Amino acid sequence: MLNNRLLASIIFLCAFIVPSVHADPAMQNPDARTALSLDGRWDIIIDPNEKGFYNERYEESETGYFNNAKPSNNGDLIEYDFAHSGKLNVPGDWNTQDAKLFLYEGTLWYHRDFDIGKKTEQQYNIYFGAVNYRAHVYINGKKVGSHEGGFTPFQFPINDFIKSGVNSLVVKVDNHRARDHVTTLANGWWNYGGITRSVKIIQTPKAHIQDYSLQLSNGEADTIEGWISVEGLDKSTEHPQAEIRIPELNITHKVNLNKNGKGEFSIPTKLQPWSPESPKLYTVDLSYQQDLLRDKIGFRKITIEGEDILLNDKSIFLKGISLHEESPLHEGRAWSEEDARAILSQAKELGCNFVRLAHYPHSETLVRMADKMGLMLWSEIPLSRSVLFNNPAVYDKAENQLTEMIARDKNRAAIILWSLGSNTANTSARLKFISELVQKAHELDSSRPITATVEVEVDSKGVHLIDDPLAAALDIISINHYCGWNQGAPGSCVNVKWLSRYHKPALLSEFGAQALQGNHGDKGQRWSEDYQAFVYASNLTMADNISFLRGLTPLALRDFRSPESGLSDVQDFWNRSGLISERGIKKKAWGVLHDYYSRKNPPLEKQENSK
């Protein structure tokens, strides 16, 4: 017979090996589904010691805040009450909605009730656009599932958890940073916590279109190819078929589905390709039995030929800018259609045809707006700086975020390349880690090139050489290089010589300098607009002398919050590298880059459908 101490140890260990429930792949095109929006005011409880999650033995509690319990009599001890707690807006970060949460990193509980009316036989899923960073989701006191990763969507089936009428939803959100997270500890952007994108209850038929992919064939400019995946398919159905209709192209095409509900297709056609000058989107209707979906999709080719990047078989130069997901209309994380339109309009005014979404997937709302407005995009997963590249668990997290990013945005013409990290050190562990991610990315989406930033060697004569072995695995090489800011004086940039061991196109993915808007001086005075403008002018001269350079994305369009920017009366938790201040005022360097892009190519034409 087991003694009491051993039995207690076994019970304790079992508490930690109960399998957790992870999120299902998020369905494609959630905004086209029948849904109950859960956006609005939510109740919140701040829980820095996680008392609402763990008991005194640091085991997951059975009486946690997720129960949303109410005292049954005056003697009941329940030390939380959502009904009389604080409130926050969802979507939204908590840092800028409540002053005491500005620097908070830890656990916060969200609660709201939702009413589904009479529960039917259809499929119900709860869909989250993004929660930073870890989420545990409970309905009516029962754990629905968990998700890790702060910038990609996830969902859970909830038929077994909901009832007709009113239901209680509680979400534990934890944004504390750790070495084995993706993102990790030492990042230069603000760690906005909370439910930062929309939440909805999506209702579909039991058998419904879960996912689909439509794009131009890699080899045929006049062929649309892809696949449709139906979930909940009755396997007894003989010869199941989905249907694709593109009315403007007179296409009605039946897609035969296999027993797993997936079917591939190839459709010859003649169409107008999507481009920044003409961002053509076609209405695409997809159906399976009672399930009907509508999407707007553009079709274009993006290919690499030697040191050139080709859009629709024509060489292009990517006139870009980097930006973080900061709203120009209010404090904090951007998420709305109004935010997206304002951000991308500023990029177009600058003369850009390309935007780098640094350093994580931005909202689907912004990506779809770029489709409409004709701006090409770079989207990346948040691998930066101090990643534990020798940790298999970290690789799994990175691959999951890559999978979720590509799954969400594969049908968006605006996204022309995927990025697998920035500012990572040249080590054998990093080479293996990112090379495996490159292979995975190509398996998930063979139609787009892959990039990541590489390190640069400088020889005794000052020649800058791209010799990082990671470059061999990439389709496009990207370089972060702050000449004039932390590498030499601004005037030295014009004489920098560049060589590459790889016959591939390169992007100057970051350069620039910080300047406090309104601070003027001579061009040698750091933190002044004049210094920033001098740095830009010098780097642009340098760029023109790099024969294999095919684009620029200097950091950044706007000043953005950063925990590393603590210089009083200058930074005050703002990275001042923006061409526009946080108050929306343009700096002198804006004009330098605007004039350069105007000379580089004719300015982009204004599009009617960008309004």
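The values are calculated or read from the model by the stated rules, or taken from the named source; none is laboratory data. All figures in this text were calculated on a predicted structure; none of them were measured in a lab. No Cβ is skipped: glycine too gets one built from the backbone with ideal geometry, and neighbour counts run over all protein chains shown. These accessible areas exclude ligands, DNA and RNA; they are computed on the full protein's heavy atoms, side chains included. Shrake-Rupley method; radii C 1.70, N 1.55, O 1.52, S 1.80 Å.
Karplus-based coupling profile of the range 98-107, in residue order and whole Hz: 8, 4, 6, 9, 4, 9, 6, 10, x, 9, with θ = phi - 60° in 6.51 cos²θ - 1.76 cosθ + 1.60 and x standing for Gly or Pro. Think of the range 215-357 as having a plus end and a minus end, set by charges on the Cβ of Lys, Arg, Asp and Glu; of Leu318, Val255, Ala340, Val255 sits farthest toward the positive end of this dipole.
Taking all protein chains into account, the per residue accessible area for the chain stands at 42 Å² (1.4 Å probe). Projecting the Cα atoms of Gly106, Thr96, Asn125 onto the dipole axis of the range 92-147, where Lys and Arg carry +1 and Asp and Glu carry -1 at the beta carbon, places Asn125 farthest toward the positive end. Charge dipole (Cα centre; +1 on Lys/Arg Cβ, -1 on Asp/Glu Cβ; no other charges) of the chain amounts to roughly 540 debye. The 3J(HN,Hα) values that the Karplus relation (6.51, -1.76, 1.60; θ = phi - 60°) gives for the range 64-73 are, in residue order, x, 4, 4, 6, 6, 6, 10, x, 7, 7 Hz. Gly and Pro appear as x. Mean separation of Cα pairs under 8 Å and 6 or more residues apart, divided by the residue count, gives the chain a relative contact order of 11 percent. Amide H to amide H, with H built 1.01 Å from N, Ala515 comes under 5 Å of Arg576, Ser577, Gly578, counting only residues 5 or more places away or on other chains. Distant-in-sequence amide contacts of Ile267, defined by a placed amide H-H separation under 5 Å and a gap of 5 or more residues or a different chain, comprise Ile224, Glu225. Length gained on full extension, Glu238 to Ala221, computed as 0.36 nm times the residue gap minus the Cα-Cα distance: 2.7 nm.
Determine the distance separating the Cα centre of the range 265-287 from the Cα centre of the range 399-429; give it in Å without decimals. Using only Cα atoms to place each centre, the spacing works out to 24 Å. As an equivalent ellipsoid, the chain spans semi-axes of 41, 32, 23 angstrom, where each value is the square root of five times an eigenvalue of the C-alpha gyration tensor, largest first.
Across the range 453-574, Cα-Cα pairs farther apart than 16 Å form 63% of the total. Taking only protein heavy atoms and a 1.4 Å probe, the accessible area of the chain is 50% carbon and sulfur. His520 contributes about 110 Å² of solvent-accessible surface, heavy atoms of the protein only, 1.4 Å probe.
Here is the result for the range 281-341: no GluC sites (Glu not before Pro) lie in DSSP coil with at most 11 other C-beta atoms within 10 angstrom of their C-beta.
Once you reduce the range 441-515 and the range 159-188 to the center of their Cα atoms, the two points are 36 Å from each other.
Mind scanning Lys348/Lys586; Lys270/Lys301; Lys301/Lys497; Lys70/Lys118; Lys119/Lys262; Lys259/Lys397 and naming the pairs with a C-alpha gap bigger than 21 Å?
Numbers: Lys348/Lys586 14 Å; Lys270/Lys301 14 Å; Lys301/Lys497 32 Å; Lys70/Lys118 25 Å; Lys119/Lys262 29 Å; Lys259/Lys397 30 Å.
Listed pairs above 21 Å: Lys301/Lys497; Lys70/Lys118; Lys119/Lys262; Lys259/Lys397.
Solvent-accessible area of Leu292, all protein chains in place: 120 Å² (probe radius 1.4 Å, heavy atoms, ligands and nucleic acids excluded). For the residue pairs Lys314/Lys600; Lys280/Lys600; Lys461/Lys588; Lys172/Lys200, the alpha carbons lie more than 21 Å apart in Lys280/Lys600; Lys461/Lys588.
If you wrap a convex hull around the C-alpha atoms of the range 281-387 and split its volume per residue, what is the figure in Å³? Present the calculation step by step, with values, prior to reporting the outcome.
Details: hull volume 18.7 nm³, N = 107.
Cα convex hull per residue, to the nearest whole number: 175 Å³.
Please work out the Kirkwood hydrodynamic radius for the range 185-264, using every pair of different C-alpha atoms, and report it in angstroms with one decimal place. Could the numbers behind the result be given before it?
On the way: mean 1/r = 0.0626 Å⁻¹.
Answer for the range 185-264: a Kirkwood hydrodynamic radius of 16.0 Å.
The residue among Leu540, Ser528, Pro554 whose Cα reaches farthest toward the positive pole of the charge dipole of the range 505-567, with charges on the beta-carbon of Lys, Arg, Asp and Glu, is Pro554. Across q = 0.13, 0.19, 0.20 Å⁻¹, the range 338-404 modelled as identical point scatterers on its alpha-carbon atoms has Debye log10 I(q)/I(0) values of -0.46, -0.75, -0.80, in the order of the q list.
Using R₀ = 41 Å, calculate the FRET efficiency as 1/(1 + (r/R₀)^6) where r is the Cβ-Cβ separation of Val166 and Asp313; round to 0.05. Could the numbers behind the result be given before it?
On the way: r = 57 Å, r/R0 = 1.38.
Rounded to the nearest 0.05, the efficiency is 0.10.
Calculated over the range 372-499, the projected area of the Cα convex hull averaged across directions stands at 9.3 nm².
Under the simplified labelling scheme, the Asn391-Asp569 pair shows an inter-label distance of 4.1 nm, with each label point 7 Å from Cα along Cα→Cβ.
Taking amide H as placed 1.01 Å from N in the peptide plane, the amide H of Gln525 sits under 5 Å from that of Tyr531, each at least 5 places away or on another chain.
What shape does the range 162-218 have by the C-alpha gyration tensor, where a ≥ b ≥ c are the square roots of the eigenvalues, rounded means a/c under 1.5, and otherwise prolate means a/b greater than b/c and oblate the rest? The shape class here is oblate.
One Cα centroid belongs to the range 320-368, the other to the range 200-253; the line between them spans 30 Å. Rg and Dmax over the alpha-carbon atoms of the range 192-328 stand at 18.5, 53 Å.
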